[in-house]
1. How far apart, in nm, are two points set 7 Å out from the Cα along the Cα-to-Cβ line at residue 357 and at residue 145?
2. Whenever you get a sec, compute what percent of the accessible area on the chain sits on carbon and sulfur atoms (1.4 Å probe).
3. Assuming R0 = 60 Å, can you tell me the calculated FRET efficiency for the pair residue 97 and residue 364, based on Cβ-Cβ distance, to the nearest 0.05?
4. Below 14 angstrom from the Cβ of residue 123, what's the summed charge of the other residues (Lys, Arg +1; Asp, Glu -1)?
5. Take the Cα radius of gyration of the chain and divide it by 2.2 N^0.38 Å, with N its residue count; two decimals is plenty.
6. With a Förster radius of 56 Å, plug the Cβ-Cβ distance of residue 203 and residue 456 into 1/(1 + (r/R0)^6) and report the FRET value to the nearest 0.05.
7. For the stretch 280-370, what mean projected area does the convex hull of the alpha carbons give, in nm²?
8. Find the eigenvalues of the gyration tensor of the Cα atoms of the stretch 506-653, then list the square roots of 5 times those eigenvalues as equivalent ellipsoid semi-axes, largest first, in whole angstrom.
Amino acid sequence: MGDRKGVLNTNIEYTRATKDPVSPYTSYSRTGLSLNYHNTFNDNVRFDFGVSGNIGGQNTEDDPDAQNGEWQKVKDNALRINTAINWQPNRKGITSIDFKASINYENNLDRQCKHPILGTTTPAVHATTEGYSIADILPSDYFAVRNIDSRELDYAANLKATWLHSWGGVHSHTKLGIDWRAEGNVGDGAYYDDPATAPHGYRPRPYTDIPYMHNLAGYLEEMLTLPLGNTSLQLMAGVRVEKTFIKNSDYKNTTNYSPRFNLKYRISDWLTLRGGWGITEKLPSFNILYPDPKYRDYAVYDVKYGGQMTSIYYTQPFGILYNPDLRWQRNRNAEVGVDFRIGQTRVSLVGYFNRTTHPYELQSTYTPFTYRTLTLPDGLPLPTSPVFKLDSQTGDLFVRDENQWGDGWHQMATKQTVRTFTENTMQANGSPIDRMGLEFVVEFPRIQPIRTDLRLDGAYGYTKYVNEGEWEYMQTIYTGDESFRYVGIYPDTGGATRTYNGLKTQRLDANLTATTHIPSIRMIITLRLEAMLLHREQNLSERDGKTYAFNVGEDGSTPAGGNIYDGNSYTAIWPVAYLDLDGVRHPFTDVERNDPAFASMMLRSGNAYQYRLTDYSPYFSANLSVTKEVGDHVSISFYANNFTNSRKYVRPYAGGVGNIYTPKFYYGLTVRIKF
C-alpha cells in the first residue's frame, strides 16, 4: 500500500455442493471474505487487524417426487474480528508487550418444516413445573415449522509481557500473561411458528436464558539457559491458573492449576537430551456446570369421547445432579527424549507416560418414586359432554357434564398407586487411565536433483483402563402396570449388553511426507502417505484384581467355566448389590443368585466374542497438496485428501460394529491475494 502504509491481504472463496447430483434438492453454498491489515509504527509497534466472514447455508427443497411439503433452510453466517498489537519498548524491565483481542459471531438459524402423519390425535405435554397438567392435543395430520435460532457471540482478550535479559552467560526468558474469554449465545433457541404444533416433550428455552461462561487465566513462565563448558542446559518452569465464572452455577470452586517443568541438555551439535513433567487440570463441560433442565411425563388418565381427547400427566423436572464430591480431572504427563543427527539425517525420539486421574463420566442413579393413576368411580359413567377440573399439585381430578351443571363435580378415583424408580444422571469420577508410548521423527537430507525433502514420523501407543466404579441399571420388565422392583448395581460396564469394564489397546502409525520445491515455476508439491500399521484392542473384566465376568452356556444363564479371554463364549455378570423400592442397598449374595425373582438381573454379553483380541489389518490413505504462486500477489493452492479413496471397512470382534477409520475423499481450491 505504499511506503509505511502497511500491507493489506484479502481472500475470497465460494463453495457450492449438492448432496445427490441425481436429486439436487439439498444444496449448500457459502461465500467467504477475509481482510487482514499489517503495519509497523515508530519501528517498535506492530499492528495487525483482521475481519473475515461468510454468508451462506444449506437449502433443502421439497422433492417433487415425494411432494410431502417438507423443507429445511439452515444459515451459515459468521463474522470474525481480531486485532493484535506488539510493542517493544526496549526498557530494562520489559522487552515486549503483546495484546490480542477477538470477537466471533455466528448465525446458524435452522428452519425446518415437517409433516407428521400420526393417524390419530396425540397428547403433547409442555408443562415446565412439577405437578399434574392437562396435555395439549395434536391433530392426526398437520404441518409444523420448527426453528432453532443459534447466534453464538464470543469474546477473547490476551495480554502478555516478555522480559529477556542475561547475566554472566546465563540467559533468561520470562513470560507473564493474562487471558480472558467469554462464550455465550444470544439466540432464541428452539421454538415453533405455531406453538400448538410443538411435539410432545418440547419446552421452550431461549439461549439468552443461559448465562455466559467467563474464563480468566493467568500464567507465568521462566526459561533459563545455562552454559556448561561446551554444552548448555535449558530449564523451563511455568504455571497456569484458571478460574471459570458461570452465574448461578452450583459449582463455586471452579479454579484449576496446571504446573509444568521441562529441561533440555545440549551435549553437542548432533546430540540433545530432553525431558518434561506437567499436570493439566480440566473442568467439566458447561452442561455439567450449568445443566439443561429436563422433564419426565407420566400418564395419569386418558379418555376419548365424541372425537375429542383429554390426557392428564404428571410432570417431574430433573437435570444432571450436583455432585459435591466431584474432583477435577487431572492429567500427569512425563516424557524423556533424545534428538541426534547421523550425517545429514536428523532423528527425534520421545517416550512418554501419561496418567489421567479422576476422569469424568456420567453415572446413573435411581430414586424410588410414587405416583397414582386415575379412573372413573364405580358406577359413574363418563358424561356425554365431560368437563374436567384438575388440581395441579394434588392431582385431584373432577368431572361433570357440560350440559348438566346441576349434577355437580365428581372426583375421579385412584386406579393404582405406582411405585417405581426415577433415573437421574450425575457427573462423577472414574478410575485412572494409563497411556504410554514412543513418538519418532526422522528428517532425511534433501534429494538435491529433484529438490525434495522426506520426513518420516509416527508413534506407538499403549493404553490400559479398568473402571473400578459401580453402575446402576434398572430392567425394563413389567408385571401388569408394575415395573421391576429392583435396581442392580454392577461393575461399571456402562451398557446392558456389555460385561466388560476395561480396555487395553495398542496402536502404531507412521506417516511419510515428501515436499518438492520447483523454484523455476514457483510451485510446491506435498505428498503425504498415512498408515496405521498396528491396531489391537481387547476388552477386560476385572474387579478387585480378579476376573469378574464368567462364561455361560448356550442357554445364556448356566455358568460354563473356562477363560473368558478365549473369546469363544457368551459371558455374563451378576450385580454386586441392589436397591429395593425403599431405596435400601443390599449386597447381592448366593441367596439372590439362586432366587428366580432375581434371575433377570444377570446381564449377558451381546455376542460370543466380546473378549476376543481384535487385531486390525493395516489401512492407509494419501493426501496431495499443490501450491503455485502467480506473480507477486496471487497464490493458488489445490488439495486432495485421501485421493486414492482408500476406505477400508474393518469390524472389531468384540463390538461387532464396523468402522472406517480413513476420511472420505475430498478436494478443494484456495486462492490468496496479497496487496
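The values are calculated or read from the model by the stated rules, or taken from the named source; none is laboratory data. Since this is a predicted model, take the numbers as computed values, not measurements. So basically every Cβ, Gly included, is an ideal-geometry build from the backbone, and we count neighbours across all protein chains shown. All accessible areas refer to the heavy atoms of the entire protein, side chains included, with ligands and DNA or RNA removed. Shrake-Rupley method; radii C 1.70, N 1.55, O 1.52, S 1.80 Å.
1. Placing both labels 7 Å along Cα→Cβ, they lie 5.7 nm apart.
2. Within the chain, the accessible surface is 55 percent carbon and sulfur.
3. 0.75
4. Taking every Cβ under 14 Å from that of residue 123, the sum is -2.
5. 1.24
6. Calculated transfer efficiency: 0.50.
7. In nm², the orientation-averaged hull projection of the stretch 280-370 is 12.7.
8. Numbers: eigenvalues 660, 65, 30 Å².
In descending order, the three semi-axes are 57, 18, 12 Å.
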